[in-house]
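Participant: Mind looking over this structure? Questions follow.
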Amino acid sequence: MGTFRRTNVFYGVDHEQVYAALEEFWHHEEHTLKLEDVNDVNLDSYALHERHGDWTVLEWTRGWEWDLRRRAQLHVSRVFDCPGLLVFIYDDDFWGCELFHHGAAIDQFQQETDNIGSFFGDLPCQGRPDLLLAQFPALDLDIEHARAYLTHYSIHDPAYDDIDWEDEHDPRNSPVRPGDGFGRLEGGVYWNFQDFLGVGRGPVWRRFTTLPQAP
């Protein structure tokens, strides 16, 4: 089985702020947050990492519920007026992200959509590097690198039929930056893209799940 991960990265807020905003959001949704053993990596729970540099990372649970958890990320952004992203990888096959700021989704990207459709419904998901850079001016990101990471393709496009996925010198799938471990059309760009942003992970601060409140 390949890698399935969904990760929120929040810029300019710490883990305690993120947790407080999430607790408020889920309370309004008639749920409570149940703390789990922070040291048990096998639990199917959210893992909220301590802030590292400019970033606070929240790893989602294994399920693919897509509405409430995206609304939760926007609530954090709205409360603290902070930018951030949802970044995901699906079965090692492809990756995608959603950019948000000021409590609203701004842009979506999905590397490849033909197999299972788009996680973002009918929204365009080609990704706009200009919008990415505009949310994080202090990071001084290179727009050409951003454009290369946000490379969208179709498996039905004949231009991709004969790619040698093992050949890092194939210009269609070459790594975006020196040191990247994956070509730009591989799902593993999920990690390279976060490195590009400078996302770091502190130790896990809390693990928790959401439970409906008792009537």
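Participant: Over the chain, average the accessible area per residue using a 1.4 Å probe and give it in Å², no decimals.
Facilitator: Dividing the accessible area of the chain by its residue count gives 48 Å².
Participant: Taking θ = phi - 60°, what integer Hz values does the Karplus form 6.51 cos²θ - 1.76 cosθ + 1.60 yield along segment 135-147, in sequence order, with x for Gly and Pro?
Facilitator: So the J values, rounded to whole Hz, are 7, 10, x, 5, 7, 6, 6, 7, 5, 5, 5, 4, 5.
Participant: Of Leu150, Val38, Thr61, which is farthest along the charge dipole of segment 1-155 in the positive direction, counting Lys and Arg as +1 and Asp and Glu as -1 at C-beta?
Facilitator: It is Leu150.
Participant: Same structure, new question: Please list, in chain and number order, the residues 5+ apart from Phe4 or on another chain whose amide H is under 5 Å from its amide H, with Hs placed from the backbone.
Facilitator: Asp91
Participant: Net charge within 9 Å of Thr3 by Cβ-Cβ distance, Lys/Arg positive one each and Asp/Glu negative one each, not counting Thr3 itself?
Facilitator: My count for the surroundings of Thr3 gives -1.
Participant: Which value in nm describes the separation of the simple spin-label points at Lys34 and Asp170, placed 7 Å from the Cα toward the beta carbon?
Facilitator: 4.6
Participant: Using a Förster radius of 35 Å, what is the FRET efficiency between Leu43 and Glu144 based on their Cβ-Cβ separation? Nearest 0.05, please. Mind showing how you got there, number by number?
Facilitator: Details: r = 40 Å, r/R0 = 1.16.
With a Förster radius of 35 Å, E is 0.30.
Participant: State to the nearest 20 debye the size of the charge dipole of segment 1-84 about its Cα centre, where the only charges are +1 on K and R beta carbons and -1 on D and E beta carbons. Walk me through the numbers on the way to the answer.
Facilitator: Numbers: 9 positive and 16 negative charges, 78 e Å.
Roughly 380 debye, rounded to the nearest 20.
Participant: Helix-derived [θ] at 222 nm for the chain: sum -39500 (n - 2.57) over DSSP H runs of at least 4, divide by residue count, nearest 500?
Facilitator: Using -39500 (n - 2.57) per qualifying helix, the result is -7000 deg cm²/dmol.
Participant: Given the convex hull over the Cα atoms of segment 49-174, what projected area results after averaging over all orientations, in nm²?
Facilitator: Convex hull of Cα atoms, orientation-averaged projection: 9.1 nm².
Participant: Between His27 and Asp92, what FRET efficiency follows from the Cβ-Cβ distance if R0 is 35 Å, with the result rounded to 0.05?
Facilitator: It comes out at approximately 0.45.
Participant: In debye, nearest 20, what is the charge dipole magnitude of the chain about its Cα centre with +1 on Lys and Arg Cβ and -1 on Asp and Glu Cβ, if you could check?
Facilitator: Working: 17 positive and 39 negative charges, 167 e Å.
Its charge dipole is roughly 800 debye.
Participant: Taking θ as phi - 60°, what are the ³J(HN,Hα) couplings along segment 103-108 by the Karplus curve (6.51, -1.76, 1.60), each to the nearest whole Hz, with x for Gly and Pro?
Facilitator: Rounded to whole hertz, the list is x, 9, 6, 10, 7, 10.
Participant: Also: Quick one: which residues, 5 or more positions from Asp142 or on another chain, have an amide H under 5 Å from its amide H? H modelled 1.01 Å from N in the peptide plane, none for Pro or chain starts.
Facilitator: For Asp142, no residues qualify.
Participant: With a/c under 1.5 counting as rounded, go ahead and sort the chain into rounded, prolate or oblate using the C-alpha gyration tensor (a ≥ b ≥ c being the square roots of the eigenvalues; past the cut-off, prolate if a/b is larger than b/c, else oblate). The partial results should precede the final answer.
Facilitator: Working: a/c = 1.81, a/b = 1.63, b/c = 1.11.
Cα axes put the chain in the prolate bin.
Participant: Tell me, what % of the accessible area of segment 1-132 is carbon and sulfur with a 1.4 angstrom probe?
Facilitator: The computed percentage sits at 47.
Participant: Can you pull the accessible area of Glu144 for me, 1.4 Å probe, Å² to the nearest 10?
Facilitator: Approximately 110 Å² for this residue.
The values are calculated or read from the model by the stated rules, or taken from the named source; none is laboratory data. Keep in mind it's a predicted model, so treat the numbers as computed, not measured. Methodologically, a virtual Cβ is constructed for each residue, glycine included, from the backbone with ideal geometry; neighbour enumeration extends over all protein chains shown. Heads up: the accessible areas ignore ligands, DNA and RNA and are worked out on the full protein's heavy atoms, side chains in. Shrake-Rupley method; radii C 1.70, N 1.55, O 1.52, S 1.80 Å.
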